[in-house]
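Novice: Below: one structure in structure tokens.
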Amino acid sequence: MVSTESASSGRFRAFGDAVRRWRDRVAPESAGLTAVGQRRAAGLRREELALLAGISADYVTRLEQGRATHPSDQVVEALARALRLSTAERAHLFRLAGLAPPGPDRVPATLTPSVHRLLERLTGTPVAVFDAAWTLLLANPLYTAVLGERPEWRGHGRNGVWWTFLGPPGRVRQSPEARHAMEAALVFDLRTTAGRYPAASRLGELIAELRAGSPRFAELWESGAVGRHEAARKTVEHPEVGPLTLDCDILTVAGDDVRVMVYTAEPGSPDADRLTLLATTVPPALPRTALDANSGTDLIT
């Protein structure tokens, strides 16, 4: 008879084998990385996968060797995105980790290869990807350079609605009318998403926290406010290059149920020059999600 411990050990070895096998098939160039030095294989190195997934290279090594067991669902999700797994492959990786593949009780956080390719072609543009509940999935370095690092990412701190109603003031300056319109649109979005994913417990917790902590959110939620996102012009008070007046557009990837937020400057304007100047100070890197491998808590860098 095979012991439970042996079966578990074998499953995690299979998890490591799968990660290593899928890592070998992803060419660095296809992931937006520059291949340097002598390479024994055409695929990603461990440190490159770690960079893309936002976890340490040592943790990737331990996962592949079966020495790190019980990875969190956030870690598995980040690896699946970095490895560009298909829906079936992603589900298989979750099962190998001893986890149930995300279903209707969770808001989807999967990014398809086509979304990854879109982000790779926008490296000179501030861009971020959010799920249907406005939780930040990926942000490229220029987006972070423009909007700034957020001091608190734990709990619901990655969520744009939480940040709008309960977070500290950011760099974006809006008129009261524009702010009110954005708030109504976010609440309407969240209510619509809650209707699509009624069993998503984390989403329910977010809504409860917002209703308890923000009178403005509670008012909009209870009134059934309706709003829609439209192209908006925002001014970002940047501490290094000065004010940046940028157009903000939100693209919806309907099949994946994610939103892509893109900031652009009017060509030839002083704002475009300042944005270009800021881009030269940002190290080249792919959009990525950083995770605390010990706690499984998502952190964005």
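Novice: Restrict the check to the range 181-195 and report whether at least one residue is more than 24 Å from the chain's Cα centre (by Cα) and exposed (fewer than 15 other Cβ atoms within 10 Å of the Cβ).
Specialist: no
Novice: Another question, if that's okay. Name the pairs whose Cβ atoms lie under 9 Å apart, with the first residue in the range 107-126 and without any contact (Cβ under 8 Å) to a residue 12 or more places away in the chain, the second assigned to a helix (DSSP H, G or I) and not hydrophobic (A, V, I, L, M, F, W, C), and 6 or more positions between them or separate chains?
Specialist: Arg117/Ser30
Novice: Between residues in the range 235-259 that are on the phi > 0 side of the Ramachandran plot and residues that are open to solvent by less than 60 Å² (accessible area, probe 1.4 Å) and in a strand (DSSP E or B), which pairs lie under 9 Å by C-beta distance while being six or more apart or on different chains?
Specialist: Note: pairs meeting the criteria are Asp257/Asp131.
Novice: Give me the residue from the range 69-93 that is of a type outside the set (Ser, Thr, Tyr) and touching a Phe, Trp or Tyr at 6+ places or on another chain (Cβ under 6 Å) and, out of that set, nearest to Gly255 (Cα to Cα).
Specialist: So the first thing to find is which residues in the range 69-93 are of a type outside the set (Ser, Thr, Tyr), and the list is 70-71, 73-85, 88-93.
Next, from what is left, pick out any that are touching a Phe, Trp or Tyr at 6+ places or on another chain (Cβ under 6 Å): 76, 83.
Working: Val76: 21, Leu83: 20 Å.
In this case the residue turns out to be Leu83.
Novice: Within the range 135-142, is there a residue that is out of contact with any strand residue (DSSP E or B) (no Cβ under 8 Å at 6 or more places or on another chain) and crowded, with 19+ Cβ neighbours inside 10 Å?
Specialist: Keep residues of the range 135-142 that are out of contact with any strand residue (DSSP E or B) (no Cβ under 8 Å at 6 or more places or on another chain), which gives 141.
From the residues that got through so far, the ones that are crowded, with 19+ Cβ neighbours inside 10 Å too are 141.
Yes, the range 135-142 has at least one match.
Novice: Across the range 94-124, which residue is farthest from Arg158 (Cα to Cα) among those that are open to solvent by less than 50 Å² (accessible area, probe 1.4 Å) and in contact with a Phe, Trp or Tyr (Cβ under 7 Å, 6 or more places away or on another chain)?
Specialist: Out of the qualifying residues, it is Leu96.
Novice: Counting just the residues of the range 218-268 that are touching a strand residue (DSSP E or B) at 6+ places or on another chain (Cβ under 8 Å) and outside any strand (DSSP E or B), which one comes out surrounded by the fewest Cβ atoms within 10 Å (Cβ to Cβ)? If you could, list the steps in order and put the result at the bottom.
Specialist: Restricting attention to the range 218-268, the residues satisfying the condition of being touching a strand residue (DSSP E or B) at 6+ places or on another chain (Cβ under 8 Å) are 229, 231-238, 243-253, 257-266.
Of the ones still in play, those that are also outside any strand (DSSP E or B) are 229, 231, 257, 265-266.
Working: His229: 17, Ala231: 8, Asp257: 17, Ala265: 19, Glu266: 12.
Only one residue fits best here, namely Ala231.
Novice: Still on this structure, I have one more. Of all residues in the range 48-93, how many are at pLDDT below 85 and among the acidic types (Asp, Glu)?
Specialist: 2
The values are calculated or read from the model by the stated rules, or taken from the named source; none is laboratory data. Everything numeric in this text was worked out from a predicted model, so none of it was measured. As a convention, Cβ positions derive from the backbone with ideal geometry for all residues, glycine included, and neighbour counts pool all protein chains shown. What goes into the accessible areas is simple: the full protein's heavy atoms, side chains included, and nothing from ligands, DNA or RNA. Shrake-Rupley method; radii C 1.70, N 1.55, O 1.52, S 1.80 Å.
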